[in-house]
Amino acid sequence: MFCVELQKMIKLLMLLLLKQAVATGHNITFESPDLCALRGSSVQFRCLYSYPEQESVKETAWFKGELINDIWKRTRLSELPSFQDRFEYRGDLQHNCSLVLHSIHSVYLIVTGLNASVHPKRVRAGDHVTLECKTKCQLPVVWFKDGQTVTKSTFQAQAEDAGKYSCAIEGHESVQSDPVVMNVWYSPLNVSVEQSGSGLLSAGSSLNLTCDSAANPAADNYTWYRRSASDSGPLIQVGSGQVLSFSSFSASDTGSYICRARNSLGENVSSGVQMKLEEANYNLFIVLGLGLTVIILFFLPLIIIWAWRRRQCNSAAPEENHSHDYENFFYPKH
Ligand SMILES: *[C@@H]1O[C@H](CO)[C@@H](O)[C@H](O)[C@H]1NC(C)=O
Ligand SMILES: *[C@@H]1O[C@H](CO)[C@@H](O)[C@H](O)[C@H]1NC(C)=O
Ligand SMILES: *[C@@H]1O[C@H](CO)[C@@H](O)[C@H](O)[C@H]1NC(C)=O
Ligand SMILES: *[C@@H]1O[C@H](CO)[C@@H](O)[C@H](O)[C@H]1NC(C)=O
């Protein structure tokens with residue numbers, strides 16, 4: 001926010017009425033020539049004047065000037081209706097000629113007056129970053145990252161902080177500085193192993209293991225390790241390159257695979273990925289076999305007992321009938 005109109009005005013229009021008007025050694029200086037003002041606010045023009053020692057000041061006044069036909073026409077502020085009750089002389093008759101203007105009407109936004117920068121220039125993950133917004137005015141600024149408001153202008157950089165940053169004067173967010181790109185450099189993160197195809201693996205099948213990672217610059221050096229089936233076994237280097245290919249996976253390839261990704265800043269490893277031959281079916285057979293065995297061992301005796309008892313009952317019942325018949329048969333004999 002930079003009030004050009006006022007600045008020009010003051011540089012051109014101030015005039016001191018000294019006791020002896022025509023003089024050498026008369027000088028006026030503005031302490032803060034870069035003035036900033038928000039609409040409706042007040043602004044102070046700090047001003048000092050000097051004159052030969054033998055002179056004394058009788059009166060001071062501020063004027064507004066207009067260039068008409070190459071001639072400056074000046075009018076006292078006190079005589080201008082638009083400045084009525086809006087200006088206040090804060091100076092004196094010694095050396096101070098400061099002026100305060102209230103209720104600023106015109107406000108000029110100078111976009112080039114906002115300049116965003118990031119420190120340090122080259123940011124690594126973990127670095128303390130400061131966003132700097134240079135303005136011609138001492139006014140509070142706000143920050144945007146990729147269009148979204150940023151709450152802090154100093155922070156510890158992380159990979160996710162990379163983006164385009166721009167600043168604006170608070171309350172005037174529609175006028176933003178040119179964006180500045182912040183790139184964050186970091187060693188590999190989130191290293192993971194991706195297996196091609198379905199999860200099940202049978203002997204002789206071909207497959208690829210791919211190593212993925214987030215890194216800036218991108219990882220360019222990959223190393224593959226295998227730990228044999230027993231977890232405590234040694235790590236064996238089995239290959240390099242982002243993809244580890246198996247044309248024919250065999251039992252000797254089983255184990256836990258780990259990928260190490262590396263860029264110019266450092267390295268990181270994935271967690272182990274178990275690669276084993278299709279044991280799912282094998283297990284199913286075991287479960288089925290065990291199940292069948294349990295069924296047979298547990299139910300077979302029951303079935304045998306049931307069958308035996310049933311046979312007993314079947315043979316007993318007719319005997320009873322028969323004995324009855326016999327009884328009936330033999331009763332008359334007695
Ligand atoms: C790493 O993974 C985490 C969790 O999935 C995610 O939030 C983060 O953004 C990833 N980091 C990078 C640099 O991709
Ligand atoms: C390795 O990556 C993990 C996230 O995947 C991260 O938390 C850890 O700090 C990284 N280690 C190094 C040495 O960069
Ligand atoms: C493995 O990757 C190679 C290229 O690197 C590709 O030709 C092949 O088809 C892939 N194999 C599988 C099983 O995805
Ligand atoms: C990959 O990194 C290892 C060290 O971990 C190094 O010995 C090897 O030369 C690097 N390979 C390439 C292609 O840069």
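The values are calculated or read from the model by the stated rules, or taken from the named source; none is laboratory data. Because the structure is predicted, anything quoted here is derived from the model rather than measured. A quick note on method: Cβ atoms are made from the backbone with ideal geometry, for glycine too, and the neighbour counts reach across all protein chains shown. SASA here: full protein model, heavy atoms, side chains in, ligands and nucleic acids out. Shrake-Rupley method; radii C 1.70, N 1.55, O 1.52, S 1.80 Å.
Here are a few things to note about the model shown:
- Note on segment 175-216: residues that are in a strand (DSSP E or B), more than 16 Å from ligand 2 (Cβ to nearest atom) and either polar (S, T, N, Q) or under 30 Å from Gly113 (Cβ atoms) (or both) total 8.
- Answer residue from segment 159-180, given it is more than 15 Å from the chain's Cα centre (by Cα) and open to solvent by 50 Å² or more (accessible area, probe 1.4 Å) and is modelled with the highest pLDDT among those: Pro179
- Output for segment 190-237, where each listed residue is hydrophobic (A, V, I, L, M, F, W, C), without any contact (Cβ under 8 Å) to a residue 60 or more places away in the chain and more than 16 Å from ligand 1 (Cβ to nearest atom): Leu207, Trp224, Ala229, Leu235, Ile236
- Considering segment 222-232, and only residues there that are part of a strand (DSSP E or B) and open to solvent by 30 Å² or more (accessible area, probe 1.4 Å), the residue that is farthest from ligand 3 (Cβ to nearest atom) turns out to be Arg227.
- Residue list for segment 193-204, filter: of a type in the set (Ser, Thr, Tyr) and more than 8 Å from ligand 3 (Cβ to nearest atom): Ser198, Ser202
- For Val118, the requirement of being outside any loop (DSSP other than H, G, I, E, B), at pLDDT 95 or above and touching a helix residue (DSSP H, G or I) at 6+ places or on another chain (Cβ under 9 Å) is not met.
- Within segment 268-285, considering residues that are at pLDDT below 95 and surrounded by 13 or more Cβ atoms within 10 Å (Cβ to Cβ), the one nearest to ligand 3 (Cβ to nearest atom): Met275
Residue-wise test of (1) open to solvent by 70 Å² or more (accessible area, probe 1.4 Å); (2) over 32 Å from the mean Cα position of the chain (by Cα).
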site	(1), (2)
Ala203	yes, yes
Leu207	no, yes
Ala214	no, no
Pro234	yes, yes
Cys259	no, no
Gly266	no, no
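- Test: Ala219 is in contact with a strand residue (DSSP E or B) (Cβ under 8 Å, 6 or more places away or on another chain), within 16 Å of ligand 2 (Cβ to nearest atom) and not in a strand (DSSP E or B): yes
- Residue within segment 149-158 that is open to solvent by 40 Å² or more (accessible area, probe 1.4 Å), closer than 22 Å to Ser270 by Cβ and not small (Gly, Ala, Ser) present: yes
- When segment 237-255 is limited to residues that are at pLDDT below 95, surrounded by 13 or more Cβ atoms within 10 Å (Cβ to Cβ) and in a loop (DSSP other than H, G, I, E, B), the one that is nearest to ligand 2 (Cβ to nearest atom) turns out to be Thr254.
- Residue, nearest to the chain's Cα centre (by Cα), within segment 123-139, restricted to residues that are open to solvent by 70 Å² or more (accessible area, probe 1.4 Å) and at pLDDT below 95: Lys134
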